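Written out below as C-alpha coordinates is the structure these notes cover.
The values are calculated or read from the model by the stated rules, or taken from the named source; none is laboratory data. The structure displayed is predicted, hence computed values, not measured ones. Every residue, glycine as well, gets a Cβ built from its backbone with ideal geometry; the counts of neighbours run over all protein chains shown. All accessible areas refer to the heavy atoms of the entire protein, side chains included, with ligands and DNA or RNA removed. Shrake-Rupley method; radii C 1.70, N 1.55, O 1.52, S 1.80 Å.
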Amino acid sequence: MNNIIDGKAVAAHIKAEIAANVQQLIRDGGKAPCLAAVLVGHDGASETYVAAKVRTCGEIGFRSKLIRFEDDVCEEELLECICGLNNDSDVDGFIVQLPLPQHISEAKIIEAIDYRKDVDGFHPINIGRMLAGLPCFLPATPAGALELIRYYNIETKGKHCVVIGRSRIVGKPLAMLMMQKAYPGDCTVSVCHSRSNNLREMCLQADIIIVALGKPYFLKADMVKQGAVVIDVGLTRLPSSATSTGYKLAGDVDFNQVAPLCSYISPVPGGVGPMTIVSLMKNTWQAAAKTIYP
Ligand code: NAP
(Lines give C-alpha, C1' and ligand atoms only; values in the text may rest on other atoms or scores of the structure.)
Protein backbone atom coordinates (compact mmCIF):
# COMPACT_ATOMS: atom_id res chain seq x y z
CA MET A 1 0.00 0.00 0.00
CA ASN A 2 1.64 3.28 -0.97
CA ASN A 3 1.02 6.88 -0.08
CA ILE A 4 1.18 9.37 -2.88
CA ILE A 5 2.72 12.58 -1.67
CA ASP A 6 0.52 15.53 -2.55
CA GLY A 7 2.92 18.40 -3.17
CA LYS A 8 0.11 20.66 -4.38
CA ALA A 9 -1.79 20.29 -1.12
CA VAL A 10 1.31 20.82 1.04
CA ALA A 11 2.28 23.85 -1.03
CA ALA A 12 -1.23 25.30 -0.68
CA HIS A 13 -1.07 24.83 3.08
CA ILE A 14 2.29 26.60 3.39
CA LYS A 15 1.22 29.38 1.03
CA ALA A 16 -1.85 30.00 3.21
CA GLU A 17 0.42 30.24 6.27
CA ILE A 18 2.71 32.76 4.58
CA ALA A 19 -0.29 34.76 3.30
CA ALA A 20 -1.67 34.98 6.85
CA ASN A 21 1.73 36.21 8.08
CA VAL A 22 1.81 38.87 5.36
CA GLN A 23 -1.68 40.08 6.28
CA GLN A 24 -0.64 40.32 9.92
CA LEU A 25 2.52 42.21 8.96
CA ILE A 26 0.48 44.71 6.97
CA ARG A 27 -2.07 45.10 9.79
CA ASP A 28 0.91 45.88 12.05
CA GLY A 29 1.94 48.66 9.68
CA GLY A 30 4.69 46.73 7.86
CA LYS A 31 5.36 46.56 4.13
CA ALA A 32 4.61 43.45 2.04
CA PRO A 33 7.80 41.53 1.14
CA CYS A 34 9.12 42.19 -2.35
CA LEU A 35 10.72 39.58 -4.62
CA ALA A 36 12.42 40.62 -7.85
CA ALA A 37 13.10 38.21 -10.72
CA VAL A 38 15.60 38.79 -13.50
CA LEU A 39 14.77 36.95 -16.72
CA VAL A 40 17.13 36.86 -19.68
CA GLY A 41 15.77 35.83 -23.07
CA HIS A 42 12.60 33.94 -23.95
CA ASP A 43 13.25 30.30 -23.06
CA GLY A 44 9.83 28.65 -22.74
CA ALA A 45 10.51 26.80 -19.48
CA SER A 46 12.13 29.86 -17.85
CA GLU A 47 9.19 32.05 -18.91
CA THR A 48 6.80 29.54 -17.32
CA TYR A 49 8.80 29.28 -14.07
CA VAL A 50 9.17 33.04 -13.68
CA ALA A 51 5.48 33.65 -14.48
CA ALA A 52 4.57 31.08 -11.80
CA LYS A 53 6.83 32.80 -9.26
CA VAL A 54 5.34 36.22 -9.99
CA ARG A 55 1.81 34.76 -9.83
CA THR A 56 2.52 33.09 -6.48
CA CYS A 57 3.80 36.38 -5.07
CA GLY A 58 0.44 37.93 -5.95
CA GLU A 59 -1.48 35.05 -4.38
CA ILE A 60 0.22 35.37 -1.01
CA GLY A 61 0.35 39.16 -0.86
CA PHE A 62 4.02 39.72 -1.77
CA ARG A 63 5.04 42.44 -4.16
CA SER A 64 7.10 41.41 -7.17
CA LYS A 65 9.22 43.00 -9.86
CA LEU A 66 10.10 41.37 -13.15
CA ILE A 67 13.19 42.68 -14.90
CA ARG A 68 13.68 41.40 -18.44
CA PHE A 69 16.69 41.40 -20.74
CA GLU A 70 17.11 40.12 -24.27
CA ASP A 71 19.40 37.15 -24.98
CA ASP A 72 22.18 39.42 -26.19
CA VAL A 73 22.50 41.38 -22.95
CA CYS A 74 26.14 41.71 -21.96
CA GLU A 75 27.53 40.51 -18.64
CA GLU A 76 28.36 44.06 -17.49
CA GLU A 77 24.77 45.22 -17.96
CA LEU A 78 23.47 42.25 -15.98
CA LEU A 79 26.03 42.89 -13.24
CA GLU A 80 24.89 46.51 -13.07
CA CYS A 81 21.30 45.36 -12.65
CA ILE A 82 22.34 43.04 -9.82
CA CYS A 83 24.25 45.84 -8.14
CA GLY A 84 21.11 47.97 -8.37
CA LEU A 85 18.96 45.25 -6.81
CA ASN A 86 21.53 44.68 -4.05
CA ASN A 87 21.24 48.35 -3.12
CA ASP A 88 17.50 48.71 -3.58
CA SER A 89 16.05 48.79 -0.08
CA ASP A 90 12.59 48.14 -1.48
CA VAL A 91 13.65 44.68 -2.75
CA ASP A 92 13.95 42.05 -0.02
CA GLY A 93 15.23 39.24 -2.20
CA PHE A 94 15.81 38.46 -5.84
CA ILE A 95 16.58 35.67 -8.24
CA VAL A 96 18.29 35.49 -11.61
CA GLN A 97 16.48 32.79 -13.54
CA LEU A 98 18.89 30.14 -14.85
CA PRO A 99 20.11 29.04 -17.32
CA LEU A 100 21.75 32.17 -18.71
CA PRO A 101 23.04 32.52 -22.28
CA GLN A 102 26.44 30.93 -22.94
CA HIS A 103 28.33 34.24 -23.10
CA ILE A 104 27.43 35.06 -19.49
CA SER A 105 29.21 33.42 -16.57
CA GLU A 106 26.55 32.07 -14.20
CA ALA A 107 29.13 31.77 -11.42
CA LYS A 108 30.07 35.46 -11.76
CA ILE A 109 26.43 36.53 -11.76
CA ILE A 110 25.55 34.44 -8.71
CA GLU A 111 28.58 35.68 -6.79
CA ALA A 112 27.55 39.27 -7.51
CA ILE A 113 24.26 38.80 -5.67
CA ASP A 114 24.25 40.05 -2.08
CA TYR A 115 24.00 36.77 -0.15
CA ARG A 116 21.50 38.39 2.20
CA LYS A 117 19.13 38.79 -0.77
CA ASP A 118 20.04 35.46 -2.43
CA VAL A 119 16.66 33.79 -1.93
CA ASP A 120 17.55 31.04 -4.44
CA GLY A 121 20.29 29.99 -2.01
CA PHE A 122 22.89 29.62 -4.78
CA HIS A 123 25.53 32.07 -3.50
CA PRO A 124 28.70 30.36 -2.22
CA ILE A 125 28.18 31.97 1.19
CA ASN A 126 24.74 30.40 1.53
CA ILE A 127 26.05 27.06 0.27
CA GLY A 128 28.98 27.22 2.69
CA ARG A 129 26.72 28.11 5.59
CA MET A 130 24.41 25.23 4.70
CA LEU A 131 27.41 22.90 4.77
CA ALA A 132 28.45 24.30 8.15
CA GLY A 133 24.92 23.89 9.52
CA LEU A 134 24.49 27.65 9.97
CA PRO A 135 21.29 29.60 9.25
CA CYS A 136 21.11 30.40 5.53
CA PHE A 137 18.81 30.50 2.53
CA LEU A 138 18.45 26.88 1.43
CA PRO A 139 18.21 26.19 -2.30
CA ALA A 140 14.51 26.01 -3.12
CA THR A 141 14.15 22.59 -4.73
CA PRO A 142 16.10 20.62 -2.08
CA ALA A 143 14.31 22.56 0.65
CA GLY A 144 10.97 21.76 -0.98
CA ALA A 145 11.77 18.05 -1.18
CA LEU A 146 12.75 18.06 2.51
CA GLU A 147 9.59 19.91 3.42
CA LEU A 148 7.54 17.09 1.85
CA ILE A 149 9.43 14.51 3.90
CA ARG A 150 8.82 16.59 7.03
CA TYR A 151 5.14 17.19 6.27
CA TYR A 152 4.48 13.46 5.85
CA ASN A 153 6.56 12.71 8.94
CA ILE A 154 8.62 10.19 6.99
CA GLU A 155 11.28 8.57 9.14
CA THR A 156 14.82 9.39 7.98
CA LYS A 157 17.09 8.70 10.99
CA GLY A 158 19.51 5.86 10.22
CA LYS A 159 18.00 5.24 6.80
CA HIS A 160 20.05 4.68 3.68
CA CYS A 161 19.28 7.49 1.27
CA VAL A 162 20.45 7.28 -2.33
CA VAL A 163 20.49 10.56 -4.23
CA ILE A 164 20.77 10.20 -8.00
CA GLY A 165 22.33 13.38 -9.40
CA ARG A 166 25.09 15.62 -8.05
CA SER A 167 24.27 19.02 -9.52
CA ARG A 168 25.17 22.17 -7.63
CA ILE A 169 21.55 23.25 -7.19
CA VAL A 170 19.77 19.94 -6.61
CA GLY A 171 21.72 16.71 -6.03
CA LYS A 172 24.64 17.98 -3.92
CA PRO A 173 22.57 20.10 -1.53
CA LEU A 174 20.01 17.30 -1.18
CA ALA A 175 22.73 14.82 -0.26
CA MET A 176 24.16 17.33 2.19
CA LEU A 177 20.80 18.01 3.82
CA MET A 178 19.85 14.34 4.10
CA MET A 179 23.05 13.65 6.06
CA GLN A 180 22.75 16.66 8.38
CA LYS A 181 22.31 16.00 12.10
CA ALA A 182 18.64 16.97 12.15
CA TYR A 183 15.23 16.00 10.93
CA PRO A 184 14.85 15.39 8.04
CA GLY A 185 18.36 14.02 7.92
CA ASP A 186 20.53 11.65 9.94
CA CYS A 187 20.64 9.41 6.86
CA THR A 188 23.53 7.40 5.52
CA VAL A 189 23.77 9.00 2.11
CA SER A 190 25.08 7.60 -1.16
CA VAL A 191 25.31 9.86 -4.18
CA CYS A 192 25.09 8.36 -7.66
CA HIS A 193 25.82 10.12 -10.93
CA SER A 194 26.55 9.43 -14.57
CA ARG A 195 29.87 7.72 -13.72
CA SER A 196 28.45 5.39 -11.08
CA ASN A 197 28.95 1.73 -12.00
CA ASN A 198 26.59 0.08 -9.57
CA LEU A 199 23.62 2.41 -9.57
CA ARG A 200 20.96 -0.32 -9.65
CA GLU A 201 22.58 -2.20 -6.73
CA MET A 202 22.85 1.02 -4.73
CA CYS A 203 19.20 1.85 -5.34
CA LEU A 204 18.11 -1.64 -4.34
CA GLN A 205 19.74 -1.06 -0.93
CA ALA A 206 18.04 2.29 -0.43
CA ASP A 207 15.29 3.08 2.06
CA ILE A 208 14.89 6.50 0.46
CA ILE A 209 15.69 7.29 -3.18
CA ILE A 210 15.79 10.89 -4.33
CA VAL A 211 15.94 11.03 -8.10
CA ALA A 212 17.25 14.21 -9.75
CA LEU A 213 18.97 13.49 -13.03
CA GLY A 214 16.63 14.80 -15.72
CA LYS A 215 16.10 11.51 -17.56
CA PRO A 216 12.39 10.75 -17.90
CA TYR A 217 11.19 7.44 -16.41
CA PHE A 218 14.78 6.43 -15.48
CA LEU A 219 13.99 4.73 -12.15
CA LYS A 220 12.32 1.38 -12.85
CA ALA A 221 10.68 -1.17 -10.56
CA ASP A 222 13.70 -3.50 -10.64
CA MET A 223 15.78 -0.75 -8.96
CA VAL A 224 13.51 -0.23 -5.95
CA LYS A 225 13.06 -2.39 -2.88
CA GLN A 226 9.65 -3.01 -1.34
CA GLY A 227 8.61 -0.25 1.06
CA ALA A 228 11.09 2.36 -0.15
CA VAL A 229 10.34 6.09 -0.20
CA VAL A 230 10.84 7.65 -3.63
CA ILE A 231 11.08 11.39 -4.17
CA ASP A 232 11.07 12.41 -7.83
CA VAL A 233 12.68 15.78 -8.50
CA GLY A 234 12.96 15.29 -12.28
CA LEU A 235 11.04 17.60 -14.53
CA THR A 236 11.35 17.21 -18.29
CA ARG A 237 9.07 18.62 -20.96
CA LEU A 238 8.13 15.95 -23.47
CA PRO A 239 6.30 16.80 -26.70
CA SER A 240 2.65 15.77 -26.50
CA SER A 241 -0.24 16.15 -28.90
CA ALA A 242 -2.67 15.45 -26.06
CA THR A 243 -2.18 18.78 -24.26
CA SER A 244 -2.99 22.35 -25.28
CA THR A 245 0.56 23.44 -24.46
CA GLY A 246 2.05 20.82 -26.82
CA TYR A 247 4.10 19.23 -24.05
CA LYS A 248 3.67 17.16 -20.93
CA LEU A 249 5.82 17.05 -17.80
CA ALA A 250 7.70 13.85 -17.05
CA GLY A 251 9.56 12.89 -13.91
CA ASP A 252 12.64 10.70 -13.55
CA VAL A 253 10.62 7.82 -12.11
CA ASP A 254 8.55 5.30 -14.03
CA PHE A 255 5.68 6.07 -11.67
CA ASN A 256 3.23 3.33 -12.72
CA GLN A 257 5.88 0.62 -12.27
CA VAL A 258 7.51 1.96 -9.13
CA ALA A 259 4.56 3.30 -7.10
CA PRO A 260 3.16 -0.10 -6.06
CA LEU A 261 6.48 -0.88 -4.33
CA CYS A 262 6.73 2.32 -2.33
CA SER A 263 5.63 3.34 1.14
CA TYR A 264 5.63 6.93 -0.13
CA ILE A 265 6.19 8.34 -3.59
CA SER A 266 6.03 11.86 -4.99
CA PRO A 267 4.46 12.17 -8.44
CA VAL A 268 5.32 14.46 -11.35
CA PRO A 269 3.59 16.79 -11.77
CA GLY A 270 2.23 17.63 -8.33
CA GLY A 271 5.13 16.53 -6.12
CA VAL A 272 8.36 18.48 -5.63
CA GLY A 273 7.51 21.04 -8.36
CA PRO A 274 4.93 23.08 -6.41
CA MET A 275 7.19 22.96 -3.34
CA THR A 276 10.06 24.68 -5.12
CA ILE A 277 8.15 27.93 -5.51
CA VAL A 278 6.86 27.74 -1.95
CA SER A 279 10.44 27.38 -0.66
CA LEU A 280 11.41 30.46 -2.63
CA MET A 281 8.52 32.34 -1.01
CA LYS A 282 9.60 31.13 2.44
CA ASN A 283 13.11 32.39 1.77
CA THR A 284 11.72 35.74 0.62
CA TRP A 285 9.62 35.99 3.76
CA GLN A 286 12.72 35.30 5.85
CA ALA A 287 14.70 37.87 3.86
CA ALA A 288 12.04 40.51 4.51
CA ALA A 289 11.73 39.58 8.18
CA LYS A 290 15.55 39.48 8.43
CA THR A 291 15.37 36.28 10.45
CA ILE A 292 18.48 34.73 8.88
CA TYR A 293 20.63 37.81 8.34
CA PRO A 294 19.44 40.49 10.82
P1 NAP B 1 21.80 18.56 -14.10
O2 NAP B 1 22.55 19.76 -13.67
O3 NAP B 1 21.74 18.19 -15.55
O4 NAP B 1 22.40 17.32 -13.29
C5 NAP B 1 22.00 16.02 -13.57
C6 NAP B 1 22.74 15.07 -12.69
O7 NAP B 1 22.30 13.76 -13.02
C8 NAP B 1 24.25 15.10 -12.90
O9 NAP B 1 24.89 14.99 -11.66
C10 NAP B 1 24.52 13.87 -13.76
O11 NAP B 1 25.77 13.24 -13.52
C12 NAP B 1 23.43 12.94 -13.31
N13 NAP B 1 23.10 12.00 -14.37
C14 NAP B 1 22.83 12.25 -15.66
N15 NAP B 1 22.59 11.10 -16.32
C16 NAP B 1 22.72 10.10 -15.43
C17 NAP B 1 22.60 8.69 -15.52
N18 NAP B 1 22.30 8.08 -16.65
N19 NAP B 1 22.82 7.98 -14.38
C20 NAP B 1 23.11 8.58 -13.22
N21 NAP B 1 23.23 9.93 -13.08
C22 NAP B 1 23.03 10.67 -14.18
O23 NAP B 1 20.28 18.63 -13.62
P24 NAP B 1 19.63 19.34 -12.33
O25 NAP B 1 19.62 20.80 -12.50
O26 NAP B 1 20.21 18.74 -11.09
O27 NAP B 1 18.14 18.83 -12.48
C28 NAP B 1 17.82 17.46 -12.38
C29 NAP B 1 16.36 17.28 -12.71
O30 NAP B 1 15.59 17.99 -11.73
C31 NAP B 1 15.92 17.86 -14.05
O32 NAP B 1 14.89 17.08 -14.61
C33 NAP B 1 15.38 19.22 -13.69
O34 NAP B 1 14.43 19.70 -14.62
C35 NAP B 1 14.74 18.90 -12.38
N36 NAP B 1 14.52 20.06 -11.53
C37 NAP B 1 13.30 20.19 -11.01
C38 NAP B 1 13.02 21.27 -10.21
C39 NAP B 1 11.65 21.39 -9.63
O40 NAP B 1 11.23 22.47 -9.30
N41 NAP B 1 10.92 20.30 -9.45
C42 NAP B 1 14.00 22.23 -9.96
C43 NAP B 1 15.28 22.04 -10.46
C44 NAP B 1 15.53 20.94 -11.26
P45 NAP B 1 27.18 13.96 -13.82
O46 NAP B 1 27.39 14.92 -12.68
O47 NAP B 1 28.14 12.84 -13.80
O48 NAP B 1 27.04 14.63 -15.14
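Consider just the alpha-carbon atoms of region 140-274 and return their Rg together with their Dmax, both in angstrom.
14.1, 47
Report, in whole Å, the centroid distance computed from the Cα atoms of region 174-204 and region 217-285.
18
Counting only Cα atoms, I'd like the Rg/Rh figure for region 27-114, Kirkwood definition for Rh.
Working: Rg = 13.6 Å, Rh = 13.7 Å.
Across region 27-114, the Cα-based Rg/Rh ratio is 0.99.
With a 4.7 Å Cβ cut-off, tell me which Cys residues in the chain come up empty for a partner.
Cys34, Cys57, Cys74, Cys81, Cys83, Cys136, Cys192, Cys203, Cys262
Assuming 0.36 nm per residue, please report the length gained on full extension of the stretch Ser105 to Ser194 beyond their Cα-Cα distance. Display every interim value, and only then the final one.
Working: separation 89, 0.36 × 89 = 32.04 nm, distance 2.42 nm.
So the chain would gain 29.6 nm between Ser105 and Ser194.
Once you've got the GNM for the chain with C-alpha springs shorter than 10 Å, pick whichever of Ala212, Ala259, Ala182 has the biggest mean-square fluctuation.
Checking each option, the largest mean-square fluctuation is seen for Ala182.
Ordered by residue, what ³J(HN,Hα) values in Hz, to whole numbers, does region 11-19 give under the Karplus form 6.51 cos²θ - 1.76 cosθ + 1.60, where θ = phi - 60° and Gly and Pro are x?
4, 4, 4, 5, 4, 4, 5, 5, 4
I need the per residue convex hull volume for the chain, using only the alpha carbons, in cubic angstrom as a whole number. All intermediate terms of the calculation are to be shown ahead of the outcome.
Details: hull volume 39.9 nm³, N = 294.
Dividing the Cα hull volume of the chain by its residues yields 136 Å³.
Would you tell me the accessible area of Thr188, worked out with a 1.4 angstrom probe on the heavy atoms of the protein chains, in Å² to the nearest 10?
90
Return the loop-located GluC sites (Glu not before Pro) in region 1-87 (DSSP other than H, G, I, E, B) with at most 13 other Cβ atoms within 10 Å of their own Cβ; answer none if there are none.
Filter output for region 1-87: Glu70.
Do the alpha carbons of any pairs in Lys108/Lys172; Lys117/Lys248; Lys181/Lys215; Lys31/Lys282; Lys220/Lys248 sit beyond 27 Å of each other, and which pairs?
Details: Lys108/Lys172 20 Å; Lys117/Lys248 33 Å; Lys181/Lys215 31 Å; Lys31/Lys282 16 Å; Lys220/Lys248 20 Å.
In this structure, Lys117/Lys248; Lys181/Lys215 lie more than 27 Å apart at Cα.
Hey, what's the Cα Rg ratio for region 71-169 versus the globular rule of thumb, 2.2 N^0.38 Å?
On the way: Rg = 16.2 Å, N = 99, 2.2 N^0.38 = 12.6 Å.
Relative to the rule-of-thumb radius for its length, region 71-169 sits at 1.28.
Using alpha-carbon positions, what is the distance between the centroids of region 4-31 and region 76-115, in Å?
Cα centroid to Cα centroid, the span is 27 Å.
How high is the relative contact order of region 39-187, in percent, with contacts defined as C-alpha pairs under 8 Å that are six or more residues apart? The partial results should precede the final answer.
On the way: 160 pairs, mean separation 22.7, N = 149.
RCO, region 39-187: 15 percent.
For Glu70 and Glu201, calculate 0.36 nm times their separation in residues minus their Cα-Cα distance, and state this gained length in nm to one decimal.
42.5 nm
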